[in-house]
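The values are calculated or read from the model by the stated rules, or taken from the named source; none is laboratory data. Quick caveat: nothing in here was measured; it's all calculated off a predicted structure. Every residue, glycine as well, gets a Cβ built from its backbone with ideal geometry; the counts of neighbours run over all protein chains shown. Side chains are part of the model used for accessible areas, which takes the heavy atoms of the whole protein and leaves out ligands, DNA and RNA. Shrake-Rupley method; radii C 1.70, N 1.55, O 1.52, S 1.80 Å.
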Amino acid sequence: MSPSPKAAKTAARLHLAGASFVMDPSGALYWPDEHLLAVADLHFEKGSSYAARRVFLPPYDTAATLMRLLELVCLYEPKRIVALGDSFHDAAASTRLMAQDRARIRALQAGRDWIWITGNHDPQAPSGLDGDVVAELAIGAIRFRHEPQGDGAEGEIAGHLHPMARIGGLGGTVRRRCFVSDGSRCVLPAFGAYAGGLNLRDKAFGFLFREADRFAHILGRSQVYRVPHHFCLPD
């Protein structure tokens, strides 16, 4: 099933290394030519990890994240899903999945390729779940990995940094998750319900992107807004 007319109007296009992608307002990246959906930093079971340290949050973050992912799967009908690392908040998180959440993941995996890219939070394969586990994935000139590298930027798609942008207006300022790209590489926003964010003006982004070409693609309620990084404010 192709994206609906509404989705086509509200999503935004990204071009890297000769390939064209759709930046969905959810924070996912879709590659139509490859029928591939990429999401970064799901951080499943972050809530239960905090609970173990007696920091109590509503224990529904995994379910909420999976429901948003299901909506995208129904919309784009991808043949392959790539999770760009830190899919689980810690090494034991996959063992803490509720039965219904484990079943939801298996249902999402059914009939399609699923790639778990390892991250700093989840360097090992998840327990009891299908999917290929790799350090990175290359398809033509596009390279998917968890942590962006300082060199070899052309065609790189990564997560890890949880980019967020802060912008001001007449009504004050807002801080929103965003894609960051300079036309050579793209860092995706965190997709997980409880994942935090790092302001794109942080020095961690500085060595990754060409200053003049860096744009924040900010997630709105129903569309993605392209904003030059120099219009974005520090925290």
Could you give each residue of the stretch 27-36 its phi-based ³J(HN,Hα) in whole Hz, using Karplus coefficients 6.51, -1.76, 1.60 with θ = phi - 60°, and x for Gly or Pro? x, 8, 10, 10, 10, x, 4, 9, 6, 10
Using the basic label-point model (7 angstrom from Cα toward the beta carbon), what is the Asn120 to Glu77 distance in nanometres? 4.0 nm
What is the calculated FRET efficiency for Asp130 to Glu154, with r their C-beta to C-beta distance and R₀ = 25 Å, to the nearest 0.05? 0.20
With -39,500 (n - 2.57) per DSSP H segment of 4 or more residues and division by the full residue count of the chain, the 222 nm estimate, nearest 500 deg cm²/dmol, is -5000 deg cm²/dmol
Taking the Cα centre of the stretch 69-194 as the origin, how large is its charge dipole in debye, to the nearest 20, when only Lys and Arg (+1) and Asp and Glu (-1) carry charge on their Cβ atoms? 440 debye
Summarise the accessible area of the stretch 85-211 (1.4 Å probe, protein heavy atoms) by the percent that is carbon and sulfur. 50 percent
Taking θ as phi - 60°, what are the ³J(HN,Hα) couplings along the stretch 129-136 by the Karplus curve (6.51, -1.76, 1.60), each to the nearest whole Hz, with x for Gly and Pro? 10, 7, x, 7, 10, 9, 6, 7
Among Val73, Val174, Val187, which one shows the biggest mean-square fluctuation in a GNM of the chain, springs joining Cα atoms closer than 10 Å? Val174
Residues of the chain: accessible area per residue at 1.4 Å, in Å²? 46 Å²
Going highest first, how would you order 126-138, 60-72 by mean Cβ packing within 10 Å? 60-72, 126-138
What is the local net charge at Gly168, summed over the other residues whose Cβ is closer than 14 Å to its Cβ (Lys, Arg +1; Asp, Glu -1)? +3
Residue among Gly119, Gly169, Gly196 with the largest mean-square fluctuation in a Gaussian network model of the chain, springs linking Cα atoms under 10 Å: Gly169
Net charge near Asp122, counting Lys/Arg +1 and Asp/Glu -1 over other residues with Cβ under 9 Å of its Cβ? -2
Cβ-Cβ cut-off under 14 Å around Gln149, Lys and Arg +1, Asp and Glu -1: the net charge is -2
Build a GNM of the chain with springs between Cα atoms under 10 Å: which of Ile115, Ile139, Ile218 gets the top mean-square fluctuation? Ile139
For the stretch 142-235, what class follows from the C-alpha gyration tensor (a ≥ b ≥ c being the square roots of its eigenvalues): rounded when a/c is under 1.5, otherwise prolate if a/b is larger than b/c, else oblate? prolate
Listed peptides 78-88, 95-105 by packing density, highest first (mean Cβ within 10 Å): 78-88, 95-105
